[in-house]
Each structure stands twice: as structure tokens, then as C-alpha cells.
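Participant: Quick one: the structure is below, and I'll ask about it shortly.
Just so you know, all these numbers are worked out from the coordinates, no wet-lab data involved. Please read all numbers here as calculations on a predicted model, not as lab measurements. No Cβ is skipped: glycine too gets one built from the backbone with ideal geometry, and neighbour counts run over all protein chains shown.
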Amino acid sequence: MEIENKNNINENPNDAKKDETEMNIIKEEDKGKEKTINYGDLVIIYENGDSVKYFTLEKGKKLQNKYGVFSHDDIYGKNFGCKIYNKDNTKFISILSFVPNIWERCINKMTQILFNPDISLIMILLNLSQSSIIYESGTGSGCLSVNMSSMLSSGKGHLYTFEFNKERVDKLKDLFKLLKLDKTITITHRDVIQDGFELEEKDLENKSHKKCGSMFIDLPSPWLAIKHAKKVLASGAYFVSFSPCIEQINQTMKAMKENNFIELRMFECLYRTFSYARTTQVKIPIINKKRKKGEEIQYQQVDINVTKNKCDMRGHTGFLLLGINKD
Ligand SMILES: C[S@@+](CC[C@H](N)C(=O)[O-])C[C@H]1O[C@@H](n2cnc3c(N)ncnc32)[C@H](O)[C@@H]1O
């Protein structure tokens with residue numbers, strides 16, 4: 001689900017129409033999957049393109065934002081995808097269920113996080129599937145963890161993630177439970193540079209998870225984690241490290257070469273959005289038509305959709321270093 005509208009779409013009736021269209025796109029995706037909202041459910045409210053929040057539905061509670069006051073009780077019993085109007089019936093919020101790719105917009109950031117363009121590329125580079133066994137560190141705010149674990153099938157795939165900040169670990173344990181991802185994620189409080197990634201059998205979902213097929217690290221000194229990573233990476237496993245600076249990549253690449261990683265490649269993901277603006281007529285030369293010597297070029301009139309750069313390109317976030325474990 002990609003929502004490009006950055007305007008405050010609830011400000012006037014026309015804008016509200018725009019919002020309705022956008023919400024219909026979401027509903028289309030969720031057709032047949034509408035679920036009734038109960039107390040205790042995680043609910044995502046879409047206020048506008050720039051403001052998406054989550055909360056747990058509680059009896060008797062009220063939600064206040066710039067569009068007015070909304071009662072949790074008015075949301076109870078409705079279907080995800082519904083619209084809830086304010087008291088004056090002039091403005092509304094849309095109630096959505098959790099989908100991983102909206103998480104970057106409503107997450108409570110405790111650290112810098114990875115965003116969807118990098119996340120998508122990471123998940124491709126790690127060759128993830130429903131049954132992947134993934135190791136990750138540091139967990140940070142859990143943005144990548146939520147996205148990766150959402151694609152895992154419980155009982156088949158699993159994510160083991162390591163974070164050395166105890167407060168974050170405790171908060172994330174609760175969050176993963178709330179998102180119903182606790183069956184596919186195990187978070188461990190640990191400094192991986194000091195103590196590595198190896199887990200005791202009692203902490204693994206399955207003995208075979210001692211080795212993983214995919215590992216991702218987002219650490220300040222990733223090169224120091226390489227020798228530890230080697231101990232848990234299966235032969236042929238995919239390894240990706242994210243670093244904002246090229247100096248970090250240099251050191252990590254050196255450590256990876258020394259530790260027998262192959263197919264080393266670096267990626268940078270630059271993401272730019274364009275939107276439909278208007279259809280206009282232009283004259284273009286007719287190609288595929290042989291011209292006789294001296295004959296003038298002939299033109300045809302065609303409709304083209306002019307796309308306009310919305311200038312919201314997210315520039316450099318970091319470099320992704322990929323390698324495959326040869327041993
Ligand atoms: C930038 S954040 C990761 C953000 C995460 N990728 C996300 O999308 O939310 C880096 C995290 O690594 C953790 N960290 C740093 N060094 C670590 C270490 N040696 N062992 C475990 N975690 C570490 C930090 O506490 C921080 O939470």
C-alpha cells in the first residue's frame with residue numbers, strides 16, 4: 001500500500017473526497033478480509049498522509065487530535081477500513097489494521113530507523129522467505145524486525161534479534177506481543193560485539209536454528225561483529241550490513257574478505273516519487289518510417305501523462321553491504 005498524498009486531506013469536503021479515494025485503495029486490498037474491531041485490538045489511525053498513529057482500543061477512552069474528539073467506543077464493533085467522523089460530522093479519521101509497510105509511519109522511534117525503500121532491498125538481498133531463519137542486531141526501534149518477521153510463517157521461519165539496550169528490549173517485547181509477532185521473533189538482551197550471536201538450545205525454537213540462512217546487522221562498528229557472525233551463519237548464508245559512512249563499509253568489507261565471504265557487493269537505495277499531474281498533447285517524430293533522401297521528418301500528435309517530481313526524495317540513508325558466507 002503506497003499512499004502518496006501528503007496534503008492535509010481532511011481540511012475541506014473536496015479534500016475529504018480525495019481521502020475517500022485513497023482509503024478505497026486500501027479497502028480494495030483488504031476486500032473480504034474485513035475484521036471487526038474489539039477492545040484490546042491494535043488500531044492504526046490514518047489522519048492524513050503525514051500523520052499515522054497507532055493505539056490500543058480501550059472502553060470509555062477518547063482520542064483527541066486536530067480533527068476533533070473521537071470516542072474509542074464509536075470504533076468498537078466497526079470493521080477495519082471504516083471512517084469515524086468527529087462530533088460535528090465535518091472531519092474524519094480512517095481506522096486501519098496493522099500492515100507492515102505502514103509501520104515506519106506510526107512507529108515510536110527510540111533510535112534511527114530503517115525506512116521502507118531500504119527495508120525492501122534488505123529483504124530481497126537476504127533472500128527471505130516464509131521459512132527463513134534470520135539473525136539481526138541491533139534491534140533499535142524494531143522497524144526492520146517488524147517488517148521481516150511479518151513475512152515469516154509461524155512454526156517455519158523465525159527471527160532472532162539482539163539488542164544491548166535493556167529498556168528498548170523490554171519495550172520491544174511488549175510491542176511484538178501487541179503486534180502478534182511474538183511467535184516469530186525472539187529478542188535477546190546482549191552485546192553482540194562482546195558475546196556474539198550463539199544461543200543456547202533452550203533459547204532456540206528449534207535445534208536447527210543454531211545456524212541461520214540470513215543475517216542483518218545495523219551496528220556502529222559492524223566489522224567487529226564479523227567473526228561472531230561466522231559462527232552462526234550456515235554455508236551459503238546471506239549477510240547484509242547497513243552503515244551510513246563509506247569508512248565503515250571499507251572496514252567491514254576488509255573483515256568480510258578476511259573471513260571468507262564471497263560475492264561482496266555494495267548498494268545504495270535512493271528513492272524518489274513522481275505523481276500523475278495532467279494529460280497533455282505533444283508532437284513527437286514518427287519513428288520506424290523510412291524517409292527518402294531530403295524528405296522532411298514527419299510528426300504525430302500524442303497524449304502523454306506528465307509526471308511531476310514531488311521533490312520528496314529521501315537522499316542518502318546508508319550503504320548496504322552484501323556478502324555470502326563461503327564456509
Ligand atoms: C540504528 S539502531 C537500529 C535500528 C533498526 N534497524 C530499526 O530499523 O529500527 C542500532 C541499534 O543497535 C544497538 N547496538 C549498538 N551496538 C550494539 C551491540 N554491540 N550489541 C547489540 N546491539 C547494539 C543500539 O542500541 C541501537 O538500538
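Participant: Quick one: if you stick a label point 7 Å off each Cα along the C-beta vector at residue 279 and residue 177, how many nm between them?
Facilitator: In this crude label model, residue 279 to residue 177 measures out at 5.5 nm.
Participant: At a threshold of 8 angstrom on Cα-Cα distance, excluding pairs fewer than six apart, so keeping six or more, what relative contact order does region 66-113 reach in percent?
Facilitator: 29 percent.
Participant: What value, in deg cm²/dmol to 500, does the helix sum -39500 (n - 2.57) over DSSP H runs of n ≥ 4 give at 222 nm once divided by the residues of the chain?
Facilitator: Mean residue ellipticity at 222 nm (helix-derived): -7000 deg cm²/dmol.
Participant: Please work out whether region 180-246 counts as rounded, prolate or oblate from its C-alpha gyration tensor, where a ≥ b ≥ c are the square roots of the eigenvalues and a/c under 1.5 means rounded, while otherwise a/b larger than b/c means prolate and anything else oblate? Write out the running numbers ahead of the final one.
Facilitator: Values: a/c = 1.66, a/b = 1.50, b/c = 1.11.
Taking the square roots of the gyration eigenvalues as a ≥ b ≥ c, region 180-246 is prolate.
Participant: Between residue 234 and residue 189, what FRET efficiency comes out of the Förster formula 1/(1 + (r/R0)^6) with R0 = 22 Å and r the beta carbon distance, rounded to 0.05?
Facilitator: Details: r = 25 Å, r/R0 = 1.12.
Step by step, r from the Cβ atoms, then E = 0.35.
Participant: Okay, next question. Pick out the long, greasy-scoring helices in the chain: whole DSSP H runs spanning 15 Å or more along their own axis by Cα, mean Kyte-Doolittle at least -1.0.
Facilitator: Helix filter hits for the chain: 166-178, 246-258.
Participant: Let me ask something else. Which distance in Å, rounded to a whole number, links the C-alpha centroids of region 254-287 and region 55-125?
Facilitator: Value for the Cα centre distance between the two parts: 31 Å.
Participant: Now for a different question. Restricting to DSSP loop positions (anything but H, G, I, E, B) with no more than 15 other Cβ atoms inside 10 Å of their own Cβ, which trypsin sites (Lys or Arg not before Pro) remain in region 153-251?
Facilitator: On the way: sites: 156, 166, 168, 171, 173, 177, 180, 183, 190, 202, 207, 210, 211, 227, 230, 231; in loops: 156, 180, 183, 190, 211.
Those satisfying the criteria are 156, 180, 183, 211.
Participant: State whether region 216-327 is rounded, prolate or oblate according to the following rule on the C-alpha gyration tensor (a ≥ b ≥ c being the square roots of its eigenvalues): a/c under 1.5 gives rounded; otherwise a/b larger than b/c gives prolate, and the remaining case gives oblate.
Facilitator: Prolate, because a/c is 1.5 or more and a/b exceeds b/c.
Participant: Related question: Please express the shape of the chain as an equivalent ellipsoid: the semi-axes are the square roots of 5 times the eigenvalues of the C-alpha gyration tensor, given largest first in whole angstrom.
Facilitator: 39, 34, 16
Participant: Could you work out the local net charge near residue 166, counting Lys and Arg as +1, Asp and Glu as -1, over the other residues with Cβ closer than 15 Å to its Cβ?
Facilitator: So the surrounding residues net to -2.
Participant: Efficiency by 1/(1 + (r/R0)^6): what FRET value for residue 250 and residue 112, r their Cβ-Cβ distance, R0 = 30 Å, to the nearest 0.05?
Facilitator: So, using R0 = 30 Å, E works out to roughly 0.90.
Participant: Another question, if that's okay. Who wins for biggest fluctuation among 47, 247, 268 in a Gaussian network model of the chain, springs between alpha carbons below 10 Å?
Facilitator: Among 47, 247, 268, the largest GNM mean-square fluctuation belongs to 247.
Participant: Then there's this: Percent relative contact order of the chain, based on C-alpha pairs within less than 8 angstrom and at least six residues apart?
Facilitator: Values: 601 pairs, mean separation 40.0, N = 327.
For the chain, the relative contact order is 12 percent.
Participant: Residue 154 to residue 51: FRET efficiency via 1/(1 + (r/R0)^6), r the Cβ-Cβ distance, R0 22 Å, to the nearest 0.05?
Facilitator: 0.10
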